[in-house]
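Engineer: Can you keep this structure in mind? I'll have questions shortly.
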Amino acid sequence: MSETITFHRAEANDIDLIVDTIIEAEKSNSDKISFCNIFLVSLEELKSIFREMLKENIQGQEFCYSDYIILKVNGTDAACCSSWVEGTQQFSSAILKANLLFEYFGEEKMEKAQPLYDSLRELNLEREIGTLQIVNCYVKNTFRGMGLASKIISELINIQKTKYPLLEKAQLRITKNNLSAKKAYEKIGFSVVAEKTSSNLNLLNYLPDISRLLMEKRI
Amino acid sequence: MEKEKVFIEVQVIFNDVFSDENIIITENSSPSDIEAWDSLQHIVLLLTIEKKFNIKFHSSETQDLNSVKLICNRVYEKLISKTTIVN
């Protein structure tokens, strides 16, 4: 029997699904949730903070629910992913996100985490202006092996190419340990173009890996 | 404190936070002009400015603090408001 695959743009009532998507994507083939470890919050607190951040719906960064699309298989949520074109908002995605983190995690948690910032900065892979940014692509376990990551990314690229016909490049970031994700993205034409590694091995207590890869694809 | 003095103090904070004496800010400076002004440095900037001026940015304000001009204006408003309350 063939499966019926449909896509829809996320709405406010999809926020819980997006929160789960961000957290699962964060784990990146590990059991570590960096936001919990860095800012010393429980999983439940983190979910609550993410919900509030997403409700703001500030476009052009990963905590914007309306930048997500959801793929359904036979009417059931199966995969979720976000995208935006860097530089189309007044400020960079990094600054928009930083302001949201400052606002919703609060200055006390931000300050406590400050000793880690220099090491975390070593992992920074800059988002190039004018490129399509693909983030938090997640396929639920029971729907894996069906090529859904490829389908949802293709859909996002089509949507954004229609809106921005001059788009030439899509970028995404993964942690180096996430070999299955790397393989899946390579299969659909992405290749690694940059790698950053932190010199601070202690970061392994906080993050799934201390190396991050930037992958790109011409679109 | 006068508005010009706020700007001068903010200049010192930028040099300190970015560990670069050569960074010269203008009112129009924004993260797109200063390469090192990334998400984490932005958070450190806000924390340092709060401490230096003994002010608090409220949650509803942070989304607007994306350039030197906007930051200085907001700091100045907060200092004026503090002075008014004391007086």
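Engineer: What residue, of B:Ser60, B:Ser81, is modelled with pLDDT under 90, in a loop (DSSP other than H, G, I, E, B), open to solvent by 20 Å² or more (accessible area, probe 1.4 Å) and of a type outside the set (A, V, I, L, M)?
Structural biologist: So the residue among B:Ser60, B:Ser81 that is modelled with pLDDT under 90, in a loop (DSSP other than H, G, I, E, B), open to solvent by 20 Å² or more (accessible area, probe 1.4 Å) and of a type outside the set (A, V, I, L, M) is B:Ser60.
Engineer: When the stretch A:109-122 is examined, which residues are found to be facing chain B (nearest Cβ under 10 Å), assigned to a helix (DSSP H, G or I) and closer than 17 Å to B:Thr48 by Cβ?
Structural biologist: Hits for the stretch A:109-122 are A:Met110, A:Glu111, A:Gln114, A:Leu116, A:Tyr117, A:Asp118, A:Arg121.
Engineer: What are the residues in the stretch A:129-152 that are open to solvent by less than 30 Å² (accessible area, probe 1.4 Å) and either at the interface with another protein chain (Cβ under 9 Å from one of its Cβ atoms) or touching a Phe, Trp or Tyr at 6+ places or on another chain (Cβ under 6 Å) (or both), if any?
Structural biologist: Scanning the stretch A:129-152 gives a single hit, A:Gln133.
Engineer: Considering (1) in contact (Cβ under 8 Å) with a residue 40 or more places away in the chain; (2) under 16 Å from the mean Cα position of the chain (by Cα); (3) assigned to a helix (DSSP H, G or I), say which one A:Arg173 fails and leave the rest.
Structural biologist: (3)
Engineer: Against the condition at pLDDT 95 or above, within 13 Å of chain B (Cβ to nearest Cβ) and in a loop (DSSP other than H, G, I, E, B), how does A:Phe63 come out, does it pass?
Structural biologist: yes
Engineer: Residues that are over 19 Å from the mean Cα position of the chain (by Cα), in contact (Cβ under 8 Å) with a residue 12 or more places away in the chain and part of a helix (DSSP H, G or I): does the stretch A:81-101 have at least one?
Structural biologist: Looking for residues that are over 19 Å from the mean Cα position of the chain (by Cα), in contact (Cβ under 8 Å) with a residue 12 or more places away in the chain and part of a helix (DSSP H, G or I), one finds none in the stretch A:81-101, hence no.
Engineer: Please go through the stretch B:22-46 and pick out each residue that is outside any loop (DSSP other than H, G, I, E, B), more than 7 Å from every other protein chain (Cβ to nearest Cβ) and more than 12 Å from B:Leu65 (Cα to Cα).
Structural biologist: Of everything in the stretch B:22-46, just one residue is outside any loop (DSSP other than H, G, I, E, B), more than 7 Å from every other protein chain (Cβ to nearest Cβ) and more than 12 Å from B:Leu65 (Cα to Cα), namely B:Gln41.
Engineer: Still on this structure, please answer the following. Are any of the residues in the stretch A:181-188 closer than 21 Å to A:Trp84 by Cα, open to solvent by 70 Å² or more (accessible area, probe 1.4 Å) and not in a loop (DSSP other than H, G, I, E, B)?
Structural biologist: Taking every residue of the stretch A:181-188 in turn, at least one turns out to be closer than 21 Å to A:Trp84 by Cα, open to solvent by 70 Å² or more (accessible area, probe 1.4 Å) and not in a loop (DSSP other than H, G, I, E, B).
Engineer: OK, next. Kindly indicate whether B:Ser19 is within 14 Å of chain A (Cβ to nearest Cβ) and open to solvent by less than 20 Å² (accessible area, probe 1.4 Å).
Structural biologist: When the stated conditions are applied, B:Ser19 does not pass them.
Engineer: In the stretch A:43-92, how many residues are open to solvent by 20 Å² or more (accessible area, probe 1.4 Å) and either aliphatic (A, V, I, L, M) or closer than 24 Å to A:Glu168 by Cα (or both)?
Structural biologist: Here the count works out to 11.
Engineer: So which residues in the stretch A:169-195 are farther than 16 Å from A:Leu207 by Cβ and in contact with a Leu (Cβ under 9 Å, 6 or more places away or on another chain), if there are any at all?
Structural biologist: A:Lys169, A:Ala170, A:Gln171, A:Leu172, A:Lys182, A:Tyr185, A:Phe190, A:Val192, A:Val193, A:Ala194 - these are the residues of the stretch A:169-195 that are farther than 16 Å from A:Leu207 by Cβ and in contact with a Leu (Cβ under 9 Å, 6 or more places away or on another chain).
Engineer: Please verify whether A:Glu126 is in a loop (DSSP other than H, G, I, E, B) and either buried (at least 17 other Cβ atoms within 10 Å of the Cβ) or within 12 Å of chain B (Cβ to nearest Cβ) (or both), treating the condition exactly as stated.
Structural biologist: Spelling it out, A:Glu126 is indeed in a loop (DSSP other than H, G, I, E, B) and either buried (at least 17 other Cβ atoms within 10 Å of the Cβ) or within 12 Å of chain B (Cβ to nearest Cβ) (or both).
Engineer: Does A:Ile159 satisfy the criteria of being open to solvent by 10 Å² or more (accessible area, probe 1.4 Å), within 12 Å of chain B (Cβ to nearest Cβ) and among the β-branched types (Val, Ile, Thr)?
Structural biologist: no
Engineer: Here is a further query. Would you be able to say whether some residue in the stretch B:56-79 is among the hydrophobic types (A, V, I, L, M, F, W, C), facing chain A (nearest Cβ under 8 Å) and in contact with a Ser or Thr (Cβ under 8 Å, 6 or more places away or on another chain)?
Structural biologist: For the stretch B:56-79, residues among the hydrophobic types (A, V, I, L, M, F, W, C), facing chain A (nearest Cβ under 8 Å) and in contact with a Ser or Thr (Cβ under 8 Å, 6 or more places away or on another chain): absent.
The values are calculated or read from the model by the stated rules, or taken from the named source; none is laboratory data. As the structure is a prediction and not an experimental result, all values here were calculated from the model. Note: ideal-geometry Cβ built from the backbone for every residue, glycine included; neighbour counts use all protein chains shown. Heads up: the accessible areas ignore ligands, DNA and RNA and are worked out on the full protein's heavy atoms, side chains in. Shrake-Rupley method; radii C 1.70, N 1.55, O 1.52, S 1.80 Å.
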